[in-house]
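Just below is one structure, and these are the notes that go with it.
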Amino acid sequence: MMLSSVGPVNRIARSAETHPLTWRLRDDGQAVWLDEYESKDGYSAMKKALKTLAPGEIASQVKDAGLKGRGGAGFPTGVKWGLMPPSDGVTPRYLLCNADEMEPNTWKDRLLMEQMPHLLIEGMIISARALEAQTGYIFLRGEYVDAARNLNHALDEARAKGYIGQNILGTGVNFELYVHTGAGRYICGEETALINSLEGRRANPRSKPPFPAAVGVWGKPTCVNNVETLSNVPAIIGNGVTWFTGIARPGSEDHGTKMMGFSGKVKNPGVWELPFGITAQELFEDYAGGMRDGYTLKAWQPGGAGTGFLLPEHLSAQMYAGGIGKVGTRMGTGLALAVDHTVNMVSLLRNMEEFFARESCGWCTPCRDGLPWSVKLLRALERGEGKDTDIETLLQLVGFLGPGKTFCAHAPGAVEPLGSAIKYFRDEFVAGVAMPAAATPA
Amino acid sequence: MQTDNQALIATSRFTLSPQERTDMENAKSHYPDPRAASIDALKIVQATHGYVPDGAIPAIAEVLGIPAADVEGVATFYSQIFRVPVGRHVVRLCDSMTCYINGHEDVLAAITAKLGIGYGETTADGLFTLLPVCCLGNCDKGSTMMVDDDTHGGLTAEIIPGLLEQYS
Ligand SMILES: Cc1cc2nc3c(=O)[nH]c(=O)nc-3n(C[C@H](O)[C@H](O)[C@H](O)COP(=O)(O)O)c2cc1C
Ligand code: SF4
Ligand code: FES
């Protein structure tokens with residue numbers, strides 16, 4: 001039995017010019033294998049890159065295109081690639097694909113890998129050439145068994161065609177690519193924890209600097225990019241920088257398309273490939289169909305558990321980093337969540353902080369001890385047994401676990417939704433405070 | 001099958017099968033450093049035994065050429081490596097926020113009512129172990145869970161008993 005990733009993305013009208021990541025998807029949601037992928041122009045960008053472009057030329061096209069990381073932090077990909085030291089031709093260099101996707105409400109890489117495994121592989125071959133990396137690993141979360149099977153099958157097909165291995169298509173380029181499956185723990189998605197995990201160690205993040213570009217996996221120059229980021233590379237090389245910088249909506253500072261979604265009690269939950277700069281309103285109404293009958297929108301979150309809550313009035317924001325930044329939080333992974341009127345914010349935050357507390361790697365004290373403490377306070381408030389100081393304590397934790405106070409971005413991601421929930425829905429937290437003993441009616 | 005000329009690594013309580021060893025050697029070949037095959041090796045043992053018995057730790061350490069304490073450190077860090085026996089079927093229920101909004105706590109209650117176990121527990125007949133898992137990437141498909149390698153969506157309290165009965 002298999003629950004396929006087929007969804008609304010398979011049903012909307014798509015074209016190669018407007019939907020570079022998803023136009024080849026099949027209506028039935030089955031994986032696009034090599035023959036079909038090649039009949040739809042697949043691997044032509046790889047051939048162009050390997051046969052006609054020098055590594056530096058590929059890298060500068062990706063930089064000029066303004067591609068930004070799709071893994072949540074939005075760091076410019078070309079800049080990240082530029083941090084790699086020049087190749088000496090001897091020292092091994094690695095390209096790692098972050099396919100650990102475990103953040104609550106982040107569900108885009110799974111569908112790309114299950115349905116379009118060759119696009120990621122092609123993107124990795126081109127990116128590895130740009131980085132002069134001869135070995136790549138796709139770090140895939142263990143639960144994604146269908147993605148693992150499809151990626152491995154696609155790799156076999158690509159290897160048989162001579163696209164993976166030694167002297168690819170007679171160009172002298174070598175690239176070996178493996179699927180590495182994990183064994184749980186959300187923190188493996190943090191890029192330096194991912195490197196430790198790949199090395200066969202506990203997945204505690206590493207201190208930076210040195211950055212992975214200089215000292216990465218096995219101490220060698222390493223680049224870590226998200227599945228969706230790497231899947232964008234073939235179309236940039238194939239269609240060119242001008243095309244890529246022209247497809248977003250006016251007003252967007254980010255270029256290209258993004259896998260965006262809406263879930264929760266909306267009529268038509270789904271993921272779609274959409275141009276940066278569309279408004280959250282369009283995503284919510286035109287794609288997700290608005291709320292189901294009987295439910296009203298109370299709050300929403302733009303991009304995964306680690307982003308802040310917003311109000312319905314903020315739906316006018318444009319979906320790109322700066323657009324969501326203007327209303328006070330981060331675009332994150334671009335997969336939005338609708339919170340309906342039946343959901344109590346204290347209970348929802350309790351659920352979320354249970355996740356963050358459980359998934360803390362335990363390395364630094366504020367995160368290891370602060371998150372379980374927040375869970376304890378939220379549970380008390382949820383039962384209506386909170387103390388009147390609990391809300392202030394939660395706000396203090398929001399400060400203690402904020403950006404720059406901990407070893408990695410797990411703790412800041414954990415408190416961003418909490419701080420925003422208290423900001424917009426303080427009443428619901430106050431309602432969880434027990435009446436002081438003296439004031440309790442006899 | 002064990003034959004005389006096949007080198008086996010034995011500890012007082014545990015012997016890796018030739019197949020397990022071959023699979024581990026194959027995993028090792030993917031990496032410049034054998035330590036990187038730690039998780040693969042643990043999963044190989046888990047695939048045959050259902051969990052990772054104590055004796056497997058030094059046996060894996062020997063194959064990888066690293067201290068047993070390091071293997072144990074990895075085995076205890078990752079949530080999907082089981083260091084105690086689990087049921088024949090492992091139920092992994094997504095408890096992340098979208099499934100929470102879509103009613104996962106009712107589903108959990110229905111599983112507990114049907115099987116008489118909570119998170120981290122195994123049924124007396126050894127058939128099921130229940131574990132929580134982070135977002136399974138099916139947030140559009142209602143509350144979701146995996147039973148072994150099968151993913152189920154659109155879960156409600158009503159369909160849980162029938163669904164679990166398909167596994168025996
Ligand atoms: C706790 C934590 C979990 C993360 N999980 C993921 C993940 O599952 N997938 C991902 O691509 N990035 C994840 N990231 C972001 C990565 O650290 C990194 O920024 C990203 O892989 C870089 O790729 P990109 O530049 O292509 O986006 C996570 C970060 C943190 C702090
Ligand atoms: S912030 Fe949390 S997850 Fe990140 S290193 Fe510190 S303890 Fe680990
Ligand atoms: S939150 Fe359960 S599948 Fe995403």
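Mind checking which lysines have their Cα closer than 22 Å to the Cα of residue B:43? Skip sequence neighbours fewer than 8 apart in that chain. The qualifying lysines are B:28. Averaged over peptide B:144-155, the number of partner chain Cβ atoms lying within 10 Å of each residue's Cβ comes to 3. Applying 1/(1 + (r/R0)^6) with r as the Cβ-Cβ distance of residue A:166 and residue B:19 and R0 = 30 angstrom yields a FRET efficiency of 0.55.
Starting at 0 and stepping by 10 Å, how many percent of the alpha carbon pairs of segment A:375-417 end up in each bin? Result returned by the calculation: 30, 44, 23, 3.
Cross-link partners of residue A:265 among aspartates and glutamates, defined as those whose alpha carbon lies under 20 angstrom from its own and excluding same-chain residues fewer than eight positions apart: A:103, A:282, A:285, A:286, A:293, A:313, A:340, B:95, B:105, B:106, B:140, B:158. Net charge near residue A:95: determine it from the other residues with C-beta under 14 Å of the C-beta of residue A:95, scoring Lys and Arg +1 and Asp and Glu -1. My count for the surroundings of residue A:95 gives 0.
Rounded to the nearest 20, the size of the Cβ-charge dipole of segment A:1-146 about its Cα centre is 360 debye, with Lys and Arg at +1 and Asp and Glu at -1. Among the residues of A:262-271, the average count of other protein chain beta-carbon atoms within 10 Å of the residue beta-carbon is 3. Judged by the gyration tensor of its Cα atoms, with axes a ≥ b ≥ c, the protein assembly as shown is oblate; a/c meets the 1.5 cut and b/c is at least as large as a/b.
Please compute, for peptide B:29-37, the average count of beta-carbon atoms on other protein chains lying within 10 Å of each residue's beta-carbon.
5
For the options A:147, A:54, A:421, a Gaussian network treatment of chain A with springs between C-alpha atoms closer than 10 Å singles out A:54 as fluctuating the most. Gain on full extension, evaluated as 0.36 nm per residue between residue A:341 and residue A:385 minus their Cα-Cα distance, stands at 13.6 nm. Cα centroid separation, segment A:104-146 to segment A:1-73: 11 Å.
According to the square roots a ≥ b ≥ c of the eigenvalues of the Cα gyration tensor, what is the shape class of segment A:1-111, taking rounded for a/c under 1.5, prolate for a/b larger than b/c otherwise, and oblate for the remainder? It would help to have the intermediate numbers written out before the result.
Working: a/c = 2.01, a/b = 1.49, b/c = 1.35.
Prolate, because a/c is 1.5 or more and a/b exceeds b/c.
Give me the net charge for the shell around residue B:70: Cβ to Cβ below 13 angstrom, other residues only, Lys and Arg +1, Asp and Glu -1. With Lys, Arg at +1 and Asp, Glu at -1, the neighbours total -1.
When the GluC sites (Glu not before Pro) in segment A:245-304 are filtered for DSSP coil states and for at most 16 other beta-carbon atoms within 10 Å of their beta-carbon, the remaining sites are A:253.
Under the rule a/c < 1.5 gives rounded, and otherwise a/b versus b/c splits prolate from oblate, where does segment B:1-128 land using the Cα gyration tensor? The shape class here is prolate. Given A:80/A:161; A:267/A:298; A:267/B:141, which pairs have Cα atoms separated by over 20 Å? Cα-Cα > 20 Å for A:80/A:161; rest within.
Summarising the label geometry, the points placed 7 Å from Cα in the beta-carbon direction at residue B:83 and residue A:393 lie 3.0 nm from one another. Placing unit charges on the Cβ atoms only, positive for Lys and Arg and negative for Asp and Glu, gives the protein assembly as shown a dipole magnitude near 1080 debye about its Cα centre. Take the cross-link list A:220/A:326; A:108/A:423; A:258/A:376; A:63/A:326; A:220/A:258; A:48/A:68 and give me the ones stretching past 27 Å between alpha-carbons. Over 27 Å apart, Cα to Cα: A:220/A:326; A:108/A:423; A:258/A:376; A:220/A:258.
Each reported figure results from applying straightforward, stated rules to the coordinates on display, with no laboratory input. Quantities reported herein were computed from a predicted structural model and do not represent experimental measurements. Glycine also receives a Cβ, built like all others from the backbone with ideal geometry; neighbour counts cover every protein chain displayed.
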